[in-house]
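The values are calculated or read from the model by the stated rules, or taken from the named source; none is laboratory data. No experiment lies behind these values; they were computed from the predicted model shown. FYI the Cβ positions are ideal-geometry reconstructions off the backbone, even for glycines, and counts take in every protein chain you see. When the accessible area is computed, the model is the full protein with side chains, heavy atoms only, and any ligands, DNA or RNA have been set aside. Shrake-Rupley method; radii C 1.70, N 1.55, O 1.52, S 1.80 Å.
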Amino acid sequence: LAMKFGKEFASQMVPEWQEAYMNYNYLKTLLKQILIFHQRKTRSQEIPKNSRSVMLSKEVSLKRNLTLFRAFSGLTGGYGNSSPRKDKEDDVILVNVMQEADEEQGDDGDQTYQTIFLRSSEEGGDLEHIFFERLDDEFNKVIRFYKSKVEEVVMQAEELSNQMDALIALRIKVINPTAATAGSSFINRTDTGLNPLEVIHEEKQEKRTEVSKGYKMASLDVLNHVKINTPKTPLSTVKNVFKCLKFDIHLNKNEVKVAEEKLEQAFVEFHQKLRFLKNYAFLNQLAFSKIMKKYDKITSRNASYAYMKMVEESYLSQSEEVAKIIDRVEAVFIKHFCNGNRPQGMDTLRPKTKREKHRITFLVGCFFGLSLALMMAIIVSVHARDLLKSAGRTQYMNTIFPLYSMFGFLVLHILMYAGNVYFWARYRVNYSFIFGFKPGTELGFKEVLLLGFGLSVLTLAASMHAVILTAVCPFDIFYRANRFFLLVCLWHCICAPLYAVTLPDFFLADQFTSQVQLLRNLQFYVCYYGWGDFKRRNAETCNNSKVYDVLFIVTAVIPYWIRLLQCIRRWNDGRDSTQALNGLKYFSTIVALVTRTIYSQKGGIAMKVISAFTSGVATIFSTYWDIVMDWGLLTKNSHNPLLRDKLILPSRSIYFIAMVLNVILRLAWMQTVLDFHELPFLHKNALTAIFANLEIIRRGIWNFFRLENEHLNNVGKFRAVKSVPLPFSYEEGYKNL
């Protein structure tokens, strides 16, 4: 049962807060040491059967006398008011609550709990003493974290309350400007026809926050002290570049709508944080109860009552701030964002857990089988027509193969991403939070596999144009939320550096840097069908065009150019020198890529030397960045030599294998410099496709460790919910009363 609870306890943790939870497994290890000691002690004290029966009779007699003594004490007022169990517990542990003085705040500070084990003099008592010391450390850690988070959410609740005041005033100003210009600075129900507006006040009584629900009317004076935070769009970026810092803000319904959307998202994220905090308190209380019951069972003592009484009287159990704020948030959200529709509001605040559907597994199997069947049919058709050995071999490899290999690259990338999702979920890397997916819309690995195999079937059995039409389909089918999310990120990449760069944006751009061959095949696809060469199955128009050769270079540079612009934008926003170095890395890759492409087109010893040198520099730069900056490995003075302090995977050798593979696969460019273009049994385009597939595999490996490092950074900062930009900014020093 303990093992079962330990796994359940770990599975219900907030991944980014896992270090703040009670370390159940460590305490269980200490109890195991105590159990081993008691077992050895029992075996060493085995006695002959006759002697054992004599001692048992003496023990029974002693217990009988002790019972009579306690009964007599109860009659005379000695021990009759205390239960035998509690007397025994008092003999085991003594719990002290100490107050730490806080000189900065001028108050008594936080409480610290210390358990004194009263049986340390007994044989093996040192092990139990250590157990209670570590138990106190864990409990004090939990209390400190919980209290700090409660103080944090109380401040956030006050900020959201001020934001709601501004939103309500803005609504009134826009909906009924005539009433807004009336003599009174407050708007009541008669003036606007609106319901009274609910605003929450916080009062401090006896150094304890008391949250009460009250009503007051929204003051339009708030709008004179707030600024509407305009969203960062390409237009605002251009205006900032040209120092046009003054925006002409017109109070209209669009402003209200944008503010409502931002605040609604802020309420959803805040409510999720409150639920995390409530669940954190419950799980830790349950864990302390379980570990103490296990201690009682192993040691045959009754210490759990006294310890759990201390837990129940602590701030962890007695604090009601979180529950009250949850009620407040739900009431305000339902009233002002759902028109009083509670079911709708609760569905938004508490999205249902996504359940695995059996039909997804069935469809994955079906599409996988169809993909294999169609691939075998194509292979049989090629061999039956003897295309690879006939005079039309070159024509086929130059026209048809690039078109199908383009979608092959895409399917392989999707399959690698499915593997990433599987291992992220297995090792509890919170990829949905890192990418910013809406709750319940993230795709599991089976759904990603379904997309990959479905794309394969669509490409092989239908038209390639159908794939593009499916991607931009506006109807709510084929995971529309995910397709829209992907298209938005793609648009941000195209418009770089006009949009603020988020992790999904630069993560997607990094994927394209490993799909250079796909983009080049896409260029050929457009040229092949655009110039009409597909009618005569001839690619001479494209291959013999100088413009096509120039675009061949430009197409390959585009992903790296986008990443360079994103690094410049991130450096401009945060003045982080690391982003400047990262941009320099992509610039070196652009130079290497251009020189290699020119050498492959024109040749020459000088260009060969230049391309080899620039490619070597770019490879060293990129490999170092992959391993040290993106993966966070090769950390100095780490507990895990040549790695980092925190690792998610159970085996350290996997990290070393990944580093070696990354270096080897990074050297795929050498096939260009070494003129390793074609083998007797393999066409040039087929060899190029193999090296392109190796780069996609390298990117899949990079993806896992990149998000693992990002997840561990979130864990170190206890960052479990998204930071949502608020729509209003108050003047400095202004306090909304």
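Structural remarks
- Criterion (open to solvent by 50 Å² or more (accessible area, probe 1.4 Å) and without any contact (Cβ under 8 Å) to a residue 12 or more places away in the chain) met by exactly one of Arg393, Arg350, Arg426: Arg426
- Boolean, Tyr307 is open to solvent by less than 20 Å² (accessible area, probe 1.4 Å), in contact (Cβ under 8 Å) with a residue 12 or more places away in the chain and either within 25 Å of the chain's Cα centre (by Cα) or under 30 Å from Phe437 (Cβ atoms) (or both): no
- Index of the failed condition, Ser289 passing every other in (1) free of Cβ contacts under 8 Å to residues at least 40 places away in the same chain; (2) more than 21 Å from Val14 (Cβ to Cβ): (2)
- Selected residue [more than 25 Å from Ala373 (Cβ to Cβ), at pLDDT 95 or above and part of a helix (DSSP H, G or I)] from Gln511, Gln517: Gln511
- Looking across Ser615, Ser600, Ser611, one residue alone is assigned to a helix (DSSP H, G or I) and either in contact with a strand residue (DSSP E or B) (Cβ under 9 Å, 6 or more places away or on another chain) or surrounded by fewer than 19 Cβ atoms within 10 Å (Cβ to Cβ) (or both). It is Ser600.
- Where Thr635 falls short, out of the listed (1) in contact with a Ser or Thr (Cβ under 8 Å, 6 or more places away or on another chain); (2) without any contact (Cβ under 8 Å) to a residue 24 or more places away in the chain: (1)
- Some residue of the range 398-411 being open to solvent by less than 40 Å² (accessible area, probe 1.4 Å), of a type outside the set (Gly, Ala, Ser), in a loop (DSSP other than H, G, I, E, B) and in contact with a helix residue (DSSP H, G or I) (Cβ under 6 Å, 6 or more places away or on another chain): no
- Selected residue (only one of Ser432, Ser514 is without any contact (Cβ under 8 Å) to a residue 24 or more places away in the chain, open to solvent by less than 50 Å² (accessible area, probe 1.4 Å) and within 15 Å of Asn703 (Cβ to Cβ)): Ser432
Yes/no matrix, rows are residues, columns are (1) over 23 Å from Phe445 (Cα atoms); (2) open to solvent by 40 Å² or more (accessible area, probe 1.4 Å); (3) free of Cβ contacts under 8 Å to residues at least 40 places away in the same chain; (4) assigned to a helix (DSSP H, G or I):
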site	(1), (2), (3), (4)
Val628	yes, no, yes, yes
Leu647	no, yes, yes, no
Phe656	yes, yes, yes, yes
Leu661	yes, yes, no, yes
Arg666	yes, yes, no, yes
Ile690	yes, yes, yes, yes
Ile697	no, yes, no, yes
Glu708	no, no, no, yes
His711	no, no, no, yes
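- Any chance Ser381 is in a helix (DSSP H, G or I) and open to solvent by 30 Å² or more (accessible area, probe 1.4 Å): yes
- Answer residue from the range 397-422, given it is touching a residue at least 40 places away in the same chain (Cβ under 8 Å) and more than 17 Å from Thr459 (Cβ to Cβ) and is nearest to the chain's Cα centre (by Cα) among those: Asn420
- Of the set (1) over 17 Å from Ala306 (Cβ atoms); (2) surrounded by fewer than 16 Cβ atoms within 10 Å (Cβ to Cβ); (3) modelled with pLDDT of 85 or more; (4) charged (D, E, K, R), all apply to Glu133 but (1).
- Residue under evaluation Ile477, criteria (1) without any contact (Cβ under 8 Å) to a residue 12 or more places away in the chain; (2) assigned to a helix (DSSP H, G or I); (3) under 30 Å from the mean Cα position of the chain (by Cα), criterion not met: (2)
- Filtering the range 268-282 for residues that are at pLDDT 95 or above, in contact with a helix residue (DSSP H, G or I) (Cβ under 7 Å, 6 or more places away or on another chain), buried (at least 18 other Cβ atoms within 10 Å of the Cβ) and under 30 Å from Gln33 (Cβ atoms) leaves a non-empty set.
- Flag for Phe681 being closer than 24 Å to Ser588 by Cα and open to solvent by 80 Å² or more (accessible area, probe 1.4 Å): no
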